[in-house]
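Since the structure comes first, as structure tokens, the remarks are kept for the end.
The values are calculated or read from the model by the stated rules, or taken from the named source; none is laboratory data. Here the structure is a predicted model, which is why all the values come from computation and not from measurement. Quick reminder, even Gly has a Cβ in these numbers, built from the backbone with ideal geometry, and neighbours come from all protein chains shown.
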Amino acid sequence: MEDLLLQLRSLAGLFVFAGLAWVLGPRRKFPVVFTLAAIVLQISIAWLLYAAAPFRAFLQSLTGMVAVLQEVTNEGTQFVFGYLAGAEAPFVVNPETADNAFLFAFQALPMVIVLSALSAVLWRWRILEFLVRGFAFVFQRILNLSGSASLGAAANIFLGMTESPVLIRPRLPEMSKSDLFLIMTVGFSTVAGSVMALYVFQLSDVIDGAAGHIFTASLISIPAAVLLARLMMPPEATDTEETGEKIPTTIYHSTMDALTTGVADGVRLFVNIVAMLLVFTALIALVNVILGLFPGPNGEALSVELILGWLFAPVVWIAGVPWNEAVDAGSLMGLKTALNEVIAYDRLSEIGGDLSPRTALIMTYALCGFANVASLGILTGGLLAIVPSRREDVLNLAPRALISGTMATLMTGAAIGVLPMSLFGL
């Protein structure tokens, strides 16, 4: 009975988030049919992926694929970094401190570079292009999107929020504000393929088949992002809808060009993640030291995690998290929004054992997105470099897109909460 009530709350939460987006918009006539269609699509995709044997087998195979990629990446990292990357050490390792020998920057993050290069090569070979075209066709038909909006949204399943707009660069100067806002919202509510494996590595001890869940989260966030974007920034009557969009064929001029460009992009991402983790972790520690000077409730020391937990507890409760776990889950959502999802997933890996399987699963989905303050600057800078003529629109829409992108990932967590946990083997 308790599980059924939680599922019903998750279902109600989907409509609550949609209602909040409508309130934050111009509050035109509420699109009941479109809202129902987007929510049903979200839940149906998740149910189909895990209920149908062929799709479930595919999702399960993703974890094995990530394991293989990690193994081959280790060959490269151990050749370059030696024992820092896990190779045999030239000294005796104390068994009592062997766990401290794991170095995140040298043993986990290098896969980001490998996947960035691999993604670029697969795009050059038109494998990813074929998949993007397929998803774009589906989104255009089911969600009634323009050609450029559907292509930009579909690309976010595999590419990052700054790479995807490159595919529709010719359309960006004259694209409607509604479609531009939609592209930004989808970018915030999804993650790039180059970092999916990193999240899988972080969540390996928290949830089985993490790769399938990360892929599913990025996929089903798109209907939620489209819905919220249309509620907060609906199209004008004068907006024109183009029916098709061609993918540029000169993104990479050769396989070697794709490989070297992918490596360069991966290195930048690697350095960016290392720098953010270093600085943000230090800043959290600094703020916690300052907060520790003030008394907290019940004699508990104040901390960033505790304050963020209080702020976001009602939000994750709406998504279907039990109230007795809402503060812990809320702190994860707060860390993800204020800092980034890598830090939030790292925290989830630490406290995942203290959360119920349902809450851990919902938060795995709710945290899967680039919607955070740091990404606000990344997306803004990327779009301004691609389409400087839309500077005013980009700067005005980006903060609102951060809100809609955050709510979209929460809707994704709620959509998973609607389904019975037995579907996921929990």
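In table form, for the structure just shown:
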read-out	value
Filtered residue count, the range 301-360, keeping only those that are more than 23 Å from M421 (Cβ to Cβ), acidic (D, E) and without any contact (Cβ under 8 Å) to a residue 60 or more places away in the chain	1
Meets criteria (surrounded by 21 or more Cβ atoms within 10 Å (Cβ to Cβ), touching a residue at least 12 places away in the same chain (Cβ under 8 Å) and in contact with a Cys (Cβ under 6 Å, 6 or more places away or on another chain)) for A210	no
Scope the range 258-270; condition more than 19 Å from M196 (Cβ to Cβ) and surrounded by fewer than 18 Cβ atoms within 10 Å (Cβ to Cβ); matching residues	L259, T260, A264
Restricting the range 137-158 to residues that are assigned to a helix (DSSP H, G or I), surrounded by fewer than 24 Cβ atoms within 10 Å (Cβ to Cβ) and modelled with pLDDT of 80 or more, the residue that is farthest from the chain's Cα centre (by Cα)	R141
Every pair of residues 6+ apart whose Cβ atoms lie under 6 Å, when the first sits in the range 288-300 and is among the charged types (D, E, K, R) while the second is part of a loop (DSSP other than H, G, I, E, B)	none
The range 76-105, residues that are at pLDDT below 85, assigned to a helix (DSSP H, G or I) and touching a Phe, Trp or Tyr at 6+ places or on another chain (Cβ under 7 Å)	L84, A85
Residues of the range 181-207 classified as over 12 Å from I157 (Cβ atoms) and either surrounded by fewer than 24 Cβ atoms within 10 Å (Cβ to Cβ) or in contact (Cβ under 8 Å) with a residue 60 or more places away in the chain (or both), total	17
Selection within the range 298-344 - of a type in the set (A, V, I, L, M, F, W, C) and in a loop (DSSP other than H, G, I, E, B)	A301, L302, A319, V321, L339
Check on L231, assigned to a helix (DSSP H, G or I), touching a Pro at 6+ places or on another chain (Cβ under 8 Å) and either surrounded by 18 or more Cβ atoms within 10 Å (Cβ to Cβ) or modelled with pLDDT of 90 or more (or both)	yes
Among the residues listed as F34, F55, F17, the single one being assigned to a helix (DSSP H, G or I), free of Cβ contacts under 8 Å to residues at least 40 places away in the same chain and surrounded by 15 or more Cβ atoms within 10 Å (Cβ to Cβ)	F55
Residue within the range 372-390 that is outside any helix (DSSP H, G or I), touching a residue at least 24 places away in the same chain (Cβ under 8 Å) and under 22 Å from L339 (Cβ atoms) present	yes
Residues of the range 159-179 classified as closer than 17 Å to D393 by Cβ and either β-branched (V, I, T) or not in a helix (DSSP H, G or I) (or both), total	5
